[in-house]
Amino acid sequence: MADTTQGLNRAELVKQCNKYAIKYGVDIPIATTDWGDFGKKVKNKRTAMYQNLSSFSGEQQFSIIKEIAELPFFANNPEAKELHKFLLERYSSYSDIVTEDKKMEQRYTVDASCPTVFISYSWDGDEHKRWVKDFADQLLSDGINVVVDQYDLSLGDRLPQFMEQSITDADYVLIICTPLYKEKADKRTGGVGYEGHIISDELFNHHNERKFIPVLRRGTFETALPKFCAGKLSIDLSETPFSQEQYHDLLTTIFGKKKKPAIGKKPSTVGNFQKNLDQEEAIHILGIITNEVTIPKMDGSRGSALYSVPFQLSKTPSGLWGQIFVAIWNSPPRFTTMHRPGIASVIGSKIILNGTTIDEVKNYHRDTLLLCVEEANKKEQEIKERENRLKEQEEKPKQQHFQHVSDLADEINF
């Protein structure tokens with residue numbers, strides 16, 4: 001399983017070990033991929049695997065090795081199959097124990113149709129903790145698998161691993177917003193601050209905006225929502241008792257129930273809708289998203305002093321606009337000697353320059369960014385106007401035909 005060429009890579013090996021450490025509540029010696037320079041801490045993957053397995057009981061070791069050998073990764077590995085066969089033959093007594101454990105796990109397995117929700121909140125006091133627990137109970141009674149520390153965290157559990165796995169595995173993350181939560185999240189202090197790092201990372205790397213739902217409990221949206229939730233549509237449960245209408249909106253969001261009926265077909269007697277392009281607001285840059293600027297590696301390798309700088313746009317542009325912008329950035333009409341083609345991308349409502357510094361943005365890239373945004377607006381407008389003219393030319397004979405039919409139909413009496 002830890003073979004140099006056919007086994008799991010270092011990251012996957014550590015991931016698997018951590019998974020079982022959390023499952024069995026065991027501390028393992030090799031919990032990260034940092035093994036020191038030239039293997040000073042850990043010689044190789046086999047040593048890491050051996051040291052980690054030594055922390056588990058015999059029954060647990062049997063279960064771990066058996067399940068890892070059954071991974072799809074080892075489906076075509078004859079040595080893994082031989083190991084699996086050897087385990088079942090040599091340690092059959094453990095196999096009976098594992099089977100019983102599986103039966104127990106199946107009793108508590110969550111229905112796949114149940115959405116999983118993680119609740120992120122700050123410990124504002126006993127009354128607030130009771131409210132969060134009651135809120136979790138309400139969600140559980142309404143068919144939602146809720147993960148919250150008051151139920152799912154035990155003494156001895158590793159807090160960072162619990163937070164990371166819970167946020168990553170959840171279908172939705174409910175962020176219970178209070179002024180204290182905002183303070184801790186924005187300053188990156190305590191458990192809330194650590195969760196803020198994870199949430200910001202998911203938003204930046206996976207762009208899964210709808211996964212994270214702010215729930216206002218105390219204060220106002222301005223005083224209680226952390227920076228990484230700025231501008232997000234939120235649920236207001238600040239009243240006591242909280243609004244059932246707001247709670248129902250939350251349930252329909254989590255279960256994916258559509259409230260709006262499908263759009264029907266327009267009558268054949270009317271023309272096509274033509275959007276007035278002149279009334280569309282031109283896209284512009286609002287500013288730098290400072291809390292999403294990444295950290296340089298600074299490991300001495302080429303480009304290790306560079307990092308990613310995201311810019312917030314006034315609205316989410318079309319895919320066409322994004323393609324035009326990137327093409328113009330790679331070959332702008334005007335640029336400085338410090339211009340870096342190939343580093344720009346448009347994701348959602350953000351422009352991201354991946355491979356620069358804030359100093360370069362200030363001294364060189366700012367003017368180029370403004371120029372490229374302006375040019376992208378112009379070119380998109382030109383393309384849309386050309387497409388609309390073609391559509392009008394195509395639709396005109398159809399409209400004339402239907403008008404002719406309608407006029408004659410009015411003159412025919414029966």
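The values are calculated or read from the model by the stated rules, or taken from the named source; none is laboratory data. For clarity, every value in this text was computed on a predicted model and none was experimentally measured. Counting neighbours? That spans all protein chains shown, and the Cβs are built from the backbone with ideal geometry, glycine included.
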Given (1) within 17 Å of the chain's Cα centre (by Cα); (2) within 25 Å of S238 (Cα to Cα), number of the condition E183 does not satisfy:
(1)
Output the number of the condition that E395 fails; it satisfies all remaining conditions of (1) without any contact (Cβ under 8 Å) to a residue 40 or more places away in the chain; (2) more than 30 Å from F311 (Cα to Cα); (3) part of a helix (DSSP H, G or I).
(1)
Among the candidates G156, G193, single out the residue that is closer than 20 Å to K129 by Cα and among the small types (G, A, S).
G193
Scanning the stretch 189-225 for residues that are among the basic types (K, R) and either in contact with a Gly (Cβ under 6 Å, 6 or more places away or on another chain) or assigned to a helix (DSSP H, G or I) (or both) gives R210, K211
Only one of A2, A69 is over 28 Å from L153 (Cα atoms), at pLDDT 80 or above and in contact with a Lys or Arg (Cβ under 8 Å, 6 or more places away or on another chain), namely A69
Counted residues in the stretch 247-296 being at pLDDT below 80 and of a type in the set (S, T, N, Q) come to 6
Kindly evaluate S304 against the criterion of being polar (S, T, N, Q) and at pLDDT 85 or above.
yes
With respect to V215, determine if the residue is touching a helix residue (DSSP H, G or I) at 6+ places or on another chain (Cβ under 8 Å), crowded, with 21+ Cβ neighbours inside 10 Å and under 20 Å from D236 (Cβ atoms).
yes
For the stretch 311-320, how many residues meet the condition of being in contact (Cβ under 8 Å) with a residue 40 or more places away in the chain, within 19 Å of the chain's Cα centre (by Cα) and over 11 Å from L286 (Cβ atoms)?
0
